[in-house]
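The values are calculated or read from the model by the stated rules, or taken from the named source; none is laboratory data. No experiment lies behind these values; they were computed from the predicted model shown. Side chains included, ligands, DNA and RNA excluded: accessible areas come from the protein's heavy atoms. Shrake-Rupley method; radii C 1.70, N 1.55, O 1.52, S 1.80 Å.
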Amino acid sequence: MILEPLIENWQLLLEGTWMVIKLFTVTLLFALPLGLPIALGANSRIFPLRFICQTYVWIFRGTPLLMQMFFFYFFIPINIGVAPTLFTTIAFTFALNYAAYFAEIYRGGINSIDRGQFEAAHSLGLSKWQTTRDIVLPQTMKAILPSIFNEVITLVKDTALAQTLGMMELMKVTYGIVNRTSVTTIFLYTAIIYLGLNLLITLVASKLEGHFKRYDAKEEF
């Protein structure tokens, strides 16, 4: 029966899915807010700050996430003498990596704002921080929403890389089931789980985009 592998292994698949959701959530909680100061720093007129932020983005976007995971997994215990848990190491690496991508998205959104708005804010006596907080960032967040959600969907799929260090996430669990039972149908159910998770994200994205469109329509009216 085609559903038999699912019925027999649903608990293992559920545990693997939970690890995907856990890694996904922790990564977003740290990467989304971390990306904003990095983006602002990369646009800063202070050269040392701009150099540090741009170098950070260059390194984490220019090297594979898999290599970064191995680096932190072996580097921290050997050279610093601290042995964080496997999940902590992987989540830390994911957060640093995705913060770099989110930073570039934020920076692109900020740079897309018409310069005339900065000049108008300055003429009204607003400080640079007030301009950024009250004028630039609200428009930026609305503009970058599709790009942010594209990265969020990629993050769901990238959690599969955690299996390379032995974390029992969904793909690691799936391989274990297939190796034990030789039933490859389980890959189909795993694919459906990933598609279901990304469907939820897509629905949230559509809901937010619809909210902003209604808000824009009210403003035009």
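In the P(r) worked out for the chain, what percent of Cα pairs fall beyond 33 Å?
31
At a probe radius of 1.4 Å, what is the per-residue accessible area of Val57, in Å² to the nearest 10?
Estimated to the nearest 10 Å², Val57 gives 10 Å².
Return one number: the angle in degrees, 0 to 90 and rounded to the nearest 10, between the long axis of the Cα atoms of helix 137-158 and the longest principal axis of the Cα atoms of the chain.
20
Okay, helix-only estimate at 222 nm for the chain: each DSSP H run of n ≥ 4 adds -39500 (n - 2.57), divide by all residues, round to 500 deg cm²/dmol; what do you get?
Estimated from H runs of four or more residues: -27000 deg cm²/dmol.
Name the residue, out of Lys207, Lys22, Lys142, whose mean-square fluctuation peaks in a Gaussian network model built on the chain with Cα pairs under 10 Å.
Ranking Lys207, Lys22, Lys142 by mean-square fluctuation puts Lys207 first.
Take the eigenvalues of the Cα gyration tensor for region 12-96, scale each by 5, and report the square roots as semi-axes in whole Å, largest first.
27, 17, 10
In whole percent, what relative contact order does the chain give with Cα contacts below 8 Å and a gap of six or more residues?
28 percent.
At 1.4 Å probe size, what's the solvent-accessible area of Trp129? Round to the nearest 10 Å².
150
Ignoring any ligand, DNA or RNA, what whole percent of the accessible area of the chain comes from carbon and sulfur when the probe is 1.4 angstrom?
It is 68 percent, rounded to a whole number.
How many Lys pairs in the chain lie less than 27 angstrom apart by Cα atoms, where the lysines are 8 or more positions apart or on different chains?
Total qualifying Lys-Lys pairs in the chain comes to 12.
On a 1.4 Å probe surface of the protein chains, which of Met141, Met67 comes out largest in accessible area, and what is the full order?
Met67, Met141
Accessible area of Tyr56, 1.4 Å probe, to the nearest 10 Å²?
50
Please give the per residue accessible area of the chain, computed with a probe of 1.4 Å over protein heavy atoms only, in Å².
The answer is 59 Å² per residue.
For region 86-100, in order, what is each residue's ³J(HN,Hα) by Karplus, 6.51 cos²θ - 1.76 cosθ + 1.60 with θ = phi - 60°, in whole Hz (x at glycine and Pro)?
4, 4, 4, 4, 5, 5, 4, 5, 4, 5, 5, 5, 6, 4, 5
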